[in-house]
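The values are calculated or read from the model by the stated rules, or taken from the named source; none is laboratory data. Since the model is a prediction, treat every value here as computed from it, not as a measurement. Positions of Cβ are generated from backbone atoms using ideal geometry, with glycine treated the same way; all protein chains shown enter the neighbour counts. For accessibility, only protein heavy atoms count, side chains too; no ligands or nucleic acids. Shrake-Rupley method; radii C 1.70, N 1.55, O 1.52, S 1.80 Å.
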Amino acid sequence: MAGPGGMTGDMEGRQAAPDENIDSILTEDRRFQPPASFSSGARVRSLAEYQALRDAADRDPVAFWAGLARAELHWHKPFTTAFDDSRAPYYTWFGGGLLNVSYNCLDRHLAGNAEKTAILFEGEPGDVRHISYAELHRQVCRFANALKARGIGLGDRVVIYMPMVPEAVVAMLACARIGAIHSVVFGGFSSGSLRNRIEDASARAVVTADGGHRGGKVIELKAACDSALSEGCKSVETVFVLRRTGSPISMQPGRDLWWDEAEANLADQCEPVWVDSEHPLFLLYTSGSTGKPKGIQHSSAGYLAVVAATMKWVFDIRDSDIFWCTADIGWVTGHSYIAYGPLASGATVLIYEGAPTVPDAGRFWSNCARHRVTIFYTAPTAIRSLMKFGESFAARHDLSSLRLLGTVGEPINPEAWMWFHRVIGHERCPIVDTWWQTETGAIMIAPVPGAITTKPGSCTLPLPGIDADIVDAEGNSITDPGHGGELVIRRPWPSMLRAVWGNDKRYRDTYWGKFGGHCYIAGDTAHRDRDGYFWILGRSDDVLKVSGHRLGTMEIESALAAHPRVAEAAVVGKPDETKGETIFAFVVPRGARPTPEAAGELSSELRAWVAQQIGPIAKPEQIRYADSLPKTRSGKIMRRLLRDIARGVPITQDTSTLENEEIVKQLQGES
Ligand code: PRX
């Protein structure tokens with residue numbers, strides 16, 4: 001079996017997947033049927049029921065989604081046009097309808113479930129809070145009133161740069177309540193990344209905190225925010241600051257307001273603003289193949305309808321569940337499966353602020369045990385890193401409350417899947433390996449747990465209504481087992497992205513620019529096995545997945561090239577047992593190549609520089625120096641060659657066209 005690195009694939013030039021991936025997939029013959037005890041009580045109980053749902057969706061997709069949107073959402077005014085493709089690929093759903101997302105996540109639960117816990121919070125230091133739906137409603141209304149008091153209204157952009165505390169969700173829902181568009185920026189991003197995102201969206205307000213607890217340290221969010229706002233960001237009028245850590249910070253009079261002071265004396269009722277179905281709910285910036293992250297824009301109705309439906313299909317959510325998704329709220333997983341999905345479902349969601357290893361590597365399992373978590377959704381990288389600590393940490397905690405496990409963000413290697421199944425799920429809990437993206441809004445390919453037999457490492461079959469396919473360079477379906485290709489979705493679906501903020505062309509070209517313009521291009525390569533199960537091989541573009549975080553190679557290259565000592569840089573991913581991939585940078589310095597001693601120092605400086613420019617997650621693990629980079633005659637960097645060098649495997653590419661073949665030795669660290 002190939003390691004996790006093998007599973008990430010390497011599909012430069014849209015070629016077939018490397019043989020070892022396909023071989024490993026074809027030889028993975030373990031099967032796990034849904035336990036009868038799970039299926040009997042599940043929402044979708046059998047393959048036949050799943051198939052019936054899929055058939056209904058395929059017969060008349062628009063009617064299927066329209067029925068689902070009516071069933072899942074509270075409409076202030078019903079929609080009249082379920083789907084409009086007259087401006088393809090700028091598709092719209094549920095036209096003519098009016099709704100409010102915060103109403104759907106809060107108010108509609110108040111009649112029967114006001115006192116039910118909506119958010120169960122545990123801070124890294126151990127502080128615990130239970131927030132009922134009634135209380136969350138009051139908090140959201142109060143903060144919505146605070147936003148309004150500062151002039152924020154319909155369509156205004158609000159950047160949220162927060163630790164993993166309930167107030168991050170409060171701020172999101174408060175925006176939704178008044179029709180403001182939020183853009184959450186991951187708290188691990190640096191001030192530079194924050195600034196770019198504020199500027200791209202021309203945000204009027206920023207919501208942040210004095211700090212957050214993570215890994216036993218205080219993350220200084222307000223300081224990063226001040227630094228971001230010190231240059232540019234002219235659109236920002238107000239900064240709301242939550243007190244979390246009590247760290248000393250500076251407040252700029254007129255601009256900065258403490259959260260509690262901003263909402264003091266404000267009502268805890270706030271009429272929802274009824275918005276069009278297509279009104280943007282949020283922007284979320286994500287990396288692509290260019291240096292500039294794109295603001296993925298999601299709608300209100302279509303997004304929420306599918307997110308809510310997947311809570312049922314994939315997570316089989318019930319009233320008694322305690323649902324825990326360990327993602328950060330700054331990623332789409334946090335948006336869809338911490339905030340909107342669970343709350344639209346009226347569920348109880350656990351939010352944990354900190355790191356998995358504080359105070360020890362048993363923290364996740366201790367949280368599960370103490371809060372009686374029933375559904376646990378995490379990333380393969382977290383599983384792999386906790387596996388390294390052995391089984392004893394999990395064994396110390398009572399995991400009997402768990403009934404369903406899930407993974408997301410990157411391919412899971414079968415070894416990690418099996419460990420999750422055995423050590424955490426006690427061979428009792430189905431595992432849902434969920435494939436989706438920032439752009440898809442909700443889960444697209446995953447086992448419906450009461451119905452689908454799972455195979456370790458496969459995300460199995462598409463959900464009802466999702467017409468996923470794997471195609472060759474001409475857009476023809478590839479059905480032969482053993483042949484990899486481009487993952488596409490052939491039909492629009494309601495939770496798909498609507499735009500790249502401020503860049504219609506980039507939206508059209510990136511996602512719909514091939515195969516006749518009618519197929520959504522995911523940017524992943526995949527393969528189907530004999531049973532039609534999907535196996536994701538990795539990205540087909542210049543996007544890396546480092547510990548599940550999505551980073552563009554170009555972004556890191558431009559950050560490196562902005563350093564005064566760097567003339568040019570190329571970044572590639574190197575397979576890694578735990579992180580999936582790590583960042584390997586080849587750097588052409590200005591002036592002479594550093595001596596081995598000086599290289600160490602320069603590398604530390606460059607790593608710190610990238611952390612400051614983008615965020616610590618983007619720091620190159622390894623840096624190698626050369627007098628130039630290997631390029632084709634047309635001037636393109638030979639990335640496949642660099643990848644082979646980073647992996648330390650024999651070079652398979654023809655290097656005879658290189659101007660200076662000596663460069664290869666330098667890049668290999670041999671001269
Ligand atoms: O390459 C795929 C990988 O993560 C990418 C999307 O990243 P992002 O937009 O950050 O969203 C992550 C959380 C939804 C995809 O293009 N990916 C996501 N889930 C899986 C996966 N790769 C394999 N298996 C998965 N289950």
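Counting the residues of the stretch 431-441 that are part of a loop (DSSP other than H, G, I, E, B), more than 6 Å from the ligand (Cβ to nearest atom) and in contact with a strand residue (DSSP E or B) (Cβ under 6 Å, 6 or more places away or on another chain) gives 2. Scan the stretch 249-270 residue by residue and report those that are in a loop (DSSP other than H, G, I, E, B), free of Cβ contacts under 8 Å to residues at least 40 places away in the same chain and surrounded by 15 or more Cβ atoms within 10 Å (Cβ to Cβ). Hit for the stretch 249-270 is Ile249, nothing else. The set of residues from the stretch 636-661 being at pLDDT below 80 and aliphatic (A, V, I, L, M) comprises just one member, Leu658.
Inside the stretch 366-384, can you point out the residues that are away from the ligand (no atom under 16 Å from the Cβ) and open to solvent by 10 Å² or more (accessible area, probe 1.4 Å)? Matches in the stretch 366-384: Ser366, Ala369, Arg370, His371, Arg372, Thr374.
Out of the stretch 385-413, which residues are over 25 Å from Met311 (Cα atoms) and either open to solvent by less than 20 Å² (accessible area, probe 1.4 Å) or within 16 Å of the ligand (Cβ to nearest atom) (or both)? Across the stretch 385-413, the qualifying residues are Leu386, Ala394.
Going by what's in this entry, would Gly354 be described as under 27 Å from Arg195 (Cα atoms), modelled with pLDDT of 95 or more, out of contact with any Cys (no Cβ under 6 Å at 6 or more places or on another chain) and in a strand (DSSP E or B)? Answer is no for this residue. Residues that are touching a Leu at 6+ places or on another chain (Cβ under 7 Å), closer than 28 Å to Phe189 by Cα and within 16 Å of the ligand (Cβ to nearest atom) are absent from the stretch 508-515 altogether. Beta carbons closer than 7 Å, at least 6 apart along the sequence or on distinct chains, pair a first residue in the stretch 521-544 that is farther than 21 Å from Ile637 by Cα with a second that is among the acidic types (Asp, Glu) and more than 8 Å from the ligand (Cβ to nearest atom) for Ile521/Glu486; Thr525/Glu486; Trp535/Asp529. Scanning the stretch 545-569 for residues that are open to solvent by 10 Å² or more (accessible area, probe 1.4 Å), within 13 Å of the ligand (Cβ to nearest atom) and not small (Gly, Ala, Ser) gives Lys545, Val546, His549, Arg550.
Against the definition (surrounded by fewer than 22 Cβ atoms within 10 Å (Cβ to Cβ), more than 21 Å from the chain's Cα centre (by Cα), under 30 Å from Tyr91 (Cα atoms) and not aromatic (Phe, Trp, Tyr)), how does Val273 come out, yes or no? Considered against the rule, which asks whether it is surrounded by fewer than 22 Cβ atoms within 10 Å (Cβ to Cβ), more than 21 Å from the chain's Cα centre (by Cα), under 30 Å from Tyr91 (Cα atoms) and not aromatic (Phe, Trp, Tyr), Val273 comes out as yes. When the helices (runs of 4 or more DSSP H) confined to the stretch 147-241 are screened for residues that are of a type in the set (D, E, K, R) and within 22 Å of His335 (Cβ to Cβ), those reaching at least 2 such residues are found at 166-178, 191-201.
Here Cys519 fulfils each of the conditions (1) within 14 Å of Pro620 (Cβ to Cβ); (2) open to solvent by less than 20 Å² (accessible area, probe 1.4 Å) apart from (1).
If the condition is being open to solvent by less than 40 Å² (accessible area, probe 1.4 Å), of a type outside the set (A, V, I, L, M) and farther than 12 Å from Ala569 by Cα, then the stretch 636-652 contributes Arg643, Asp644. I'm trying to understand the selection: among the residues of the stretch 283-328, which are closer than 24 Å to Ile131 by Cα and in a loop (DSSP other than H, G, I, E, B)? If the condition is that a residue be closer than 24 Å to Ile131 by Cα and in a loop (DSSP other than H, G, I, E, B), then Phe315, Asp316, Ile317, Arg318, Asp319, Ser320, Asp321, Thr326, Ala327, Asp328 are the ones that fit. Of all residues in the stretch 72-80, one or more are within 26 Å of Ala468 (Cβ to Cβ), modelled with pLDDT of 95 or more, in a helix (DSSP H, G or I) and under 28 Å from the mean Cα position of the chain (by Cα).
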